[in-house]
Amino acid sequence: MSDQPVIRTRGLTRYFGARCVVRDLNLEVPRGCVFAFVGRNGSGKSTTIRMLLGLLRPDRGQASVLGCDSRQLTPEIRARIGYLTEEHQLYGWMTVREAGEFQAAFFPRWDEKIFRGVIGHFGLKPEARVKHLSRGMRAGLCLALTLAPDPELLILDDPALGLDPVARRSLVESMIYLTRRSDRTIFFSSHHLGDVERVADYLAVLDYSVLRVCCPLESFRDNVQEVQLRFAGAPPPLPAIPGFLQAIRSENQLRVTCVHYNGETEKVLRYLSPVSLELVPLSLEDAFISYLGERGEKSFILSDTEVSS
Amino acid sequence: MKKLILKELREQYKIALIGLAILTVMLSLEFAGYGSHLRQVMSMAQGPSESFQPLLKHALLVQVSIFCAVFGMLLGWLQIRAEKHPDLWAFLVHRPISRNIILRSKVVSGFVLYAAGAGLPLFGIILVVSIPGNVAAPFTWAMALPLISIFLVGMVYYFAGLLTGVRKARWFASRGVGLGLGVLANIFLFVMPEFWHALLIIVVTGSLLALAAWGSFQTGGYYRDQPIAGKVALIVTSSVSVLVILGLTTTFVVNLALSRGEYTTSYYQLTKEGNIIRIFRQGFDEEVVDINGQTVLDEKSGQKIKQQDLQQPQQLWATTKGNGQRGSYQQQSFFNITRFFSAWRVKDQALWYLTADGRLVAYDVITRRFAGILAPSGGGDGGMANDSRFLLPPEYGPGYFNNHQTRGVLASARTAYLVDLEKRQLKPLFTVTNGDAIQGFAGARSARLEAANGSVLLLTRTSIRLLDVEGRTKLHLPYVPSSPEYPMVNFFWLEPAGFAVRFDPDHLLSEKSGGKLLSHVKWVNPDGSIRKAQDLPKLPELIQKNADRFFVSLLPPIFPLWSLNESYRVWSGFRIVPAILCAGIGWWLGRRNNFTLKAQIGWGVFHLLFGLPGFLAFLAVQEWPPRESCPGCNKLRVIDRESCEHCGANFAPPEKTGTEIFEPLTYQS
């Protein structure tokens, strides 16, 4: 098994007009892992994925997938990559069976068992027309079409987008099942942190086109922390805090979220003379929201006029 | 590939069905109207020859041409458009086959659908027309060539549609530049002399568009990263298309808006007294001058005389160029019906056609079947010698027949005949002797042409003869100046007595001689003696219109000078001005966008050769990356280079916020 990363980008940059949607992206995805690629809407996740697959040309930098330059992916390399698109678009006139037969004609390692297994898992009838399928069913069919070629690398672009919780759970179960097989690598983007938490080994976060996080999932959770400070009166103004993300101010309380909390950070906070200082554990979702939410201070203290109204 | 072809067929079959239905209705209506049209022409005893053969009817050819262009273009465009959504595009191209195979599948299925939608109805009408009893006119398979060429040119539009669909362009309208090449192919189609010429045009334009579509398909529509062949094809396609658009714009917009009334024309005319006058027209203004340039005044009123006030003498016109020689009507285009036949006369229920091989053939209007043949040898029994075919009369050319005005006279190389269609007999009027040969003839039949009525004009190698209806020679003149330099002869009946004969030079030979061949007029006394002879001074060159001049100055400098009319050559010199301007602006744009020196020089040479059309094509095909300020030198630099083109500084990595979390990733399963 090669130690080479299955995906590697160097300075990958893409503009749409004058707007930079992916800036100087340097990323390496190790083989055999489940890699979550998260970020807010418009942060450049889908653009990155399209560049990885050679569907979009980068303006600067380069990317390689399975050791091949993404701009020159050969048919052989493409056969080893499964790609699930964001909106699960398929040919509406096909039936589920026809879609499978169509796809099977191109992929030499097509596994009919996997195809049948996944469509069965999603309760799809082979004779159902694609255009009559619900969004969740279509996602299931897309997943079946992506998995049945038995790809070495799976790239899933927000596979759970628009799915109800049940369909999403089915999708995640399929992914969990897949991760338990061989050395397959899964690179997926998502907005559902619960899903990420269940399946991902690593996490990369794009924040307004810039990669800010690339680490194991636990590291992210460990590094983003919330500190709860209580004061006798109104909390004092905040000084500059290293790794500061956001602070929420209430009557006599200040909740500060930051990364890389350490002795130095604590020293700065203690300088505010709080009555108490307490580290609060964050869920991944909370950590993620704090990380990608609006930076700075928020206040929940209402003025007298606001209270009376 | 088979699966992809089936997919395409399944997705686009509806458009093919719609096309099939529209064209079938169009052709059926045309054919349904044929019978009533036939009856109408029979009752009026005149009409255009083309209306007798649906396959060559100009209006139908134009309609089918428009249909094939729209249908082909739409089909190509829809095949790409259906998968333009990024997800569907990804689903299409992200599979273990090359894009070449995907495109090939699309093209194969596109051709199948095009053949079904346009080819089947066209094949149907050709088949119907070929079956005796359906069309009361001669038929040969060569008559199907115009329709076949129109069908084929639709494939050029198909590639133009593909290119339009696949191309990504900053100016939306510039996506459709490929269509210009289709329009050009269509225009050429109608003027090409031979089918193989048209085929060559179709192959060249189709290949260019196919190559351009292929190149764009490889990159998902972007110009950058295309194979060099695709780039070249796209640039050539765009340049030619821009030129066509410029030409059409100049013709239809600038011409109408700026040049109204600028059109000038000048020609000689003979009055019934035998005086030569020159008519000069500029727009709506008209001036009548004599041969010395003096204004002609009305004798009674003293006012300037107008052309409409002049009474023209009766005349007969004959030419020696009606018999398949170069420059004759039959040679103009393979779309021209007179390549095959010309309707000649109507008699009882029979339509008589003069075929291009010099025979009279009859078709019964009721049964629409072949009804008889007349040829100088007394029948159409093959192996015809020179004297066993009719020469083609001058009225053969325009392909319009008129029972009321055309004398029933025809001539072979040696004998002029009066044709009796009732008895289906040929009555010899005159036979040449001593190795002479008849080269052209004309016969007048009209109550209005009192003096000329019943006269037959014969042009032989050596003489011009005027015969009466019994074949008696009324006048005999030497044919000097002679054919082939002077193939056109006008014979005038002057008042109170005498004749005039005007000899006009062959247009092509006159042009070759540098205008030295002048029209010549002879005034002839009633006894046949020459009273006077005179060459007519060369007419002034037509004044070019502003729109024409404007367009000529926009032509690419590479456009060959010899192909331009001499009168435009001065203006063509100005072509270098926009070319230099374009090269300058192109160089500046290249510098601004950090082109390599090689690209700069390449584009510079291209702009000098292709001028404004090339420059517009350059703007249309190139992608212009945005620019942003360089922190090193504060100048704007393009974003698709690894370093600043001004100071060489690399792009700075994104600013750190102190919230980054990076850890080495090593997966251990």
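Quick look at the values:
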| item | result |
| --- | --- |
| Rounded accessible area per residue of region B:263-312, 1.4 Å, Å² | 67 Å² |
| Share antiparallel - DSSP beta bridges, chain A, percent rounded to 5 | 60 percent |
| Average silhouette area of chain B, convex hull of alpha-carbon atoms, in square nanometres | 42.4 nm² |
| Helix-only [θ]222 nm of chain A, DSSP H runs n ≥ 4, -39500 (n - 2.57) each, per residue, nearest 500 | -8500 deg cm²/dmol |
| Longest to shortest principal axis, alpha-carbon extents of region B:467-531, angstrom | 40, 24, 15 |
| Measure of compaction for region B:263-312 (Cα Rg per 2.2 N^0.38 Å) | 1.07 |
| Hydrodynamic radius by Kirkwood, which averages 1/r over all alpha carbon pairs of region A:16-63, in angstrom | 11.9 Å |
| Viscosity 1.306 mPa s, 10 °C: Kirkwood-radius Stokes-Einstein D of region B:571-613 over Cα pairs, µm²/s | 154 µm²/s |
| Simple label model, 7 Å out from Cα along Cβ direction - B:Thr462 to A:Glu76, nm | 8.6 nm |
| Computed helical MRE - 222 nm, chain B, DSSP H runs ≥ 4 contributing -39500 (n - 2.57), nearest 500 | -12500 deg cm²/dmol |
| When region B:413-512 is reduced to its Cα atoms, the Kirkwood hydrodynamic radius in Å | 14.6 Å |
| Those residues of region A:33-61 for which accessible area with every protein chain present is at least 50 Å² below the isolated value (1.4 Å probe) | A:Leu55, A:Arg57, A:Asp59, A:Arg60 |
| Stokes-Einstein D in µm²/s, Kirkwood radius over Cα pairs - chain A at 37 °C with 0.692 mPa s viscosity | 153 µm²/s |
| Separation of the B:Ile101 and B:Ile530 label points, Cα + 7 Å toward Cβ, nm | 8.1 nm |
| Proximal aspartates and glutamates to B:Lys474, defined as alpha-carbon separation beneath 12 angstrom and excluding residues fewer than eight positions away on the same chain | B:Asp527 |
| Accessible area buried at the A-B interface, both sides summed, 1.4 Å probe (Å², nearest 100) | 4700 Å² |
| Protection proxy ranking, peptides B:589-595, A:280-286, B:611-617, average beta carbon neighbours within 10 Å, highest first | B:611-617, B:589-595, A:280-286 |
| Rg followed by Dmax, in Å, when region A:120-178 is reduced to its Cα trace | 11.1, 31 |
| Highest to lowest packing among B:456-467, B:416-427, B:492-503, scored as the average C-beta count within 10 Å | B:456-467, B:492-503, B:416-427 |
| Under Karplus coefficients 6.51, -1.76 and 1.60, residue-wise ³J(HN,Hα) of region A:153-159 in Hz, glycine/proline x | 10, 10, 10, 10, 9, 6, x |
| Convex hull (Cα only) mean projected area of region A:49-173, reported in nm² to one decimal | 7.8 nm² |
| Free-standing Cys residues across chain B, given no other cysteine C-beta under 4.7 angstrom | B:Cys68, B:Cys582 |
| Normalised convex hull volume, the protein assembly as shown, alpha-carbon set, Å³ per residue | 266 Å³ |
| Kirkwood hydrodynamic radius of region B:121-277, from inverse mean 1/r over distinct Cα pairs, in Å | 18.7 Å |
| Accessible-area composition of region B:2-226, carbon plus sulfur, in percent [1.4 Å probe] | 75 percent |
| Fraction of accessible area attributable to carbon and sulfur, region B:263-312 (%, probe 1.4 Å) | 40 percent |
| Residue-averaged beta-carbon neighbours from other chains (10 angstrom radius) around B:81-90 | 5 |
| By average C-beta atoms within 10 angstrom, highest first, the peptides B:146-156, A:133-143 | B:146-156, A:133-143 |
| At 1.306 mPa s and 10 °C, Stokes D of region A:1-94 from Kirkwood alpha-carbon radius, µm² per second | 111 µm²/s |
| Average beta-carbon neighbours from other chains, 10 Å sphere, peptide A:209-216 | 5 |
| Exercise: per-residue mean of other protein chain Cβ atoms within 10 Å, A:79-91 | 4 |
| Per residue value of the accessible surface for region A:129-205 (all protein chains in place, 1.4 Å probe), Å² | 34 Å² |
| Gyration tensor (alpha-carbon) shape descriptor, region B:2-226, a/c threshold 1.5 | prolate |
| Entries of A:Lys45/B:Lys635; B:Lys57/B:Lys106; A:Lys45/B:Lys656; B:Lys347/B:Lys427; A:Lys131/B:Lys84 with Cα pairs more than 22 Å apart | A:Lys45/B:Lys635; B:Lys57/B:Lys106 |
| Reachable lysines, given that their alpha-carbon falls under 18 Å from the alpha-carbon of B:Lys532 and they are not under 8 places away in the same chain | B:Lys272, B:Lys522 |
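The values are calculated or read from the model by the stated rules, or taken from the named source; none is laboratory data. Since we're looking at a predicted model, the values are computed, not measured. No Cβ is skipped: glycine too gets one built from the backbone with ideal geometry, and neighbour counts run over all protein chains shown. Remember, those area values only see protein heavy atoms, side chains included, never the ligands or the DNA or RNA. Shrake-Rupley method; radii C 1.70, N 1.55, O 1.52, S 1.80 Å.
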